Amino acid sequence: MIIFYVCTSLFALSQTEKVMHAAPYPQFSAFDLCLGDTATFINQTRGGVTYKWMLSTVDTTLNSIQSIDSATTTNYAYAFNNPGLYELTLYSDNGHLTSISRTLTINNTTKAIFEFEECSNQLINMSTCADQFYWDFGDGNNSSDPIPVHMYGDTGFYQVKLKARKGAVVDSSTATIHLDVTGANPSFTMTVTGNTVTIGLVYPPIPLSNINWSFGDGNSISGVTVATNVYPDSTAVYYINLFMNNECGIAAKDTTILLESSVGILEHTKSTNPIVFPVPAYDFLNIKGGKIKAVDLINMMGATVKTKRYIIPVLFETFDITALPSGQYVLRIEMVEGTTYKKIIKN
């Protein structure tokens with residue numbers, strides 16, 4: 001495999017536009033790469049805009065190649081009716097022109113061939129004469145997709161295995177991959193309870209750098225994989241945005257949430273409204289108004305900083321927050337009657 005980076009363009013862009021973005025990273029996989037079949041080449045390029053494919057025959061005796069076909073489509077198909085060696089090149093352009101070339105051996109032999117791309121988390125499948133696949137990613141997960149995308153949870157070494165099958169013929173291949181950095185995956189989970197939202201990355205990027213959450217109410221937090229935000233007690237629409245980047249590039253995701261009013265929260269949890277009042281001179285939180293089973297105090301990063309549990313529910317509880325730093329917290333109160341949340345601000 002050869003990858004070229006050439007600072008020319010298939011289409012006209014100004015010099016300013018060319019330097020404002022990274023060059024594309026070309027990549028492709030193949031289906032039905034077998035003598036007598038029409039092979040389909042699937043474009044897996046990151047950052048490309050336009051594409052050009054060029055197919056050539058390779059003569060090892062004369063040490064020469066001869067172009068036989070080309071296309072400007074995103075994906076590419078060609079019927080291989082003659083055995084031998086071929087070279088396929090994919091050019092990718094976004095104002096910067098890059099290319100990747102692969103040597104193809106066309107015969108009727110089933111062979112498992114693959115690679116892994118660290119930042120895109122893509123498996124590159126160049127297996128020949130196969131129509132069924134089984135992947136073992138080396139971290140307890142597997143897949144039967146021909147071209148799977150697999151996000152590893154951490155950096156390190158993984159032994160990846162591929163079995164390629166056509167009928168009764170099976171071939172397998174194993175490779176040890178080393179991840180220095182995982183992709184900047186923008187996927188996150190979100191839990192909404194009343195006016196409290198907890199969000200967390202599905203797969204944190206490694207290293208943990210440049211993670212920024214915006215909650216849409218003026219609050220934001222950076223550098224954490226899990227965060228909690230308490231919104232104002234009013235019905236409103238908020239936009240949560242995640243922006244992150246590392247050596248693999250930049251990724252972002254946003255979503256919209258609709259919160260209930262404070263009355264709606266109490267009705268939804270079927271809870272009586274516990275009274276929480278501070279004693280400023282002593283930094284105490286006094287809680288009463290229901291049969292209390294448990295109380296948790298949660299900081300803005302989603303960590304529980306203080307908790308109490310009761311085998312027999314109590315009618316009154318006092319929380320000492322003298323040692324806590326100033327800031328915003330969430331008080332989770334679990335009662336026999338239901339569960340509710342209160343926003344606590346310590347000045």
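Return the FRET efficiency for the residue pair Ile312, Asn107: r is the Cβ-Cβ distance, R0 is 56 Å, and the value is rounded to the nearest 0.05. Can you show the working numbers first?
On the way: r = 77 Å, r/R0 = 1.37.
According to the calculation, E is roughly 0.15.
Take Ile345, Ile199 and order them by how many other Cβ atoms sit within 10 Å, fewest up front.
Ile345, Ile199
Measuring from the lowest to the highest alpha carbon on each principal axis, how far does the chain reach, largest first, in angstroms?
Largest first, the chain extends 92, 54, 33 Å along its Cα principal axes.
Cα centroid distance between the range 294-347 and the range 53-77, in Å?
The distance from the Cα centre of the range 294-347 to that of the range 53-77 comes to 68 Å.
In a shell of Cβ-Cβ distance under 13 Å around Thr105, excluding Thr105 itself, what net charge do Lys and Arg (+1) and Asp and Glu (-1) give? Don't skip to the end; give the middle numbers.
Details: positive: Arg102, Lys111; negative: Glu87.
Neighbourhood net charge equals +1.
If contacts are Cα pairs under 8 angstrom and at least 6 residues apart, what is the relative contact order of the chain in percent? Write out the running numbers ahead of the final one.
Working: 862 pairs, mean separation 35.1, N = 347.
The value is 10 percent.
Return a whole-number percent for the relative contact order of the range 2-179, with Cα pairs under 8 Å and 6 or more residues apart as the contact set.
Details: 444 pairs, mean separation 37.2, N = 178.
Here the relative contact order equals 21 percent.
Taking only DSSP H segments of four or more residues, each worth -39500 (n - 2.57), what value at 222 nm results for the chain once the sum is divided by all its residues, to the nearest 500 deg cm²/dmol?
Numbers: 2 runs with 12 residues, N = 347.
Result for the chain: -1000 deg cm²/dmol, rounded to the nearest 500.
With unit charges on the beta carbon (Lys/Arg positive, Asp/Glu negative), name the residue among Gly48, Cys248, Tyr86 whose Cα is farthest towards the positive pole of the charge dipole of the chain.
Value: Cys248.
State to the nearest 20 debye the size of the charge dipole of the chain about its Cα centre, where the only charges are +1 on K and R beta carbons and -1 on D and E beta carbons. Can you show the working numbers first?
Numbers: 21 positive and 29 negative charges, 195 e Å.
My answer is approximately 940 debye.
How about Lys253: which lysines have a C-alpha closer than 26 Å to its C-alpha, ignoring those fewer than 8 places off in the same chain?
Lys18
Treating cross-link reach as a plain straight distance, find the lysines whose alpha-carbon is under 25 Å from the alpha-carbon of Lys111, omitting any fewer than eight places away in the same chain.
Lys161, Lys163, Lys166
Quick check: from the Cα gyration tensor, does the range 188-259 come out rounded (a/c under 1.5), prolate or oblate? Write down the numbers at each step before the final one.
Details: a/c = 2.40, a/b = 2.15, b/c = 1.11.
In terms of gyration-tensor shape, prolate.
Throughout, read-outs are computed from the coordinates displayed, never taken from laboratory work. Model, not experiment: these values are computed from the prediction. Backbone-built Cβ (ideal geometry, glycine too); neighbour counts: all protein chains shown.
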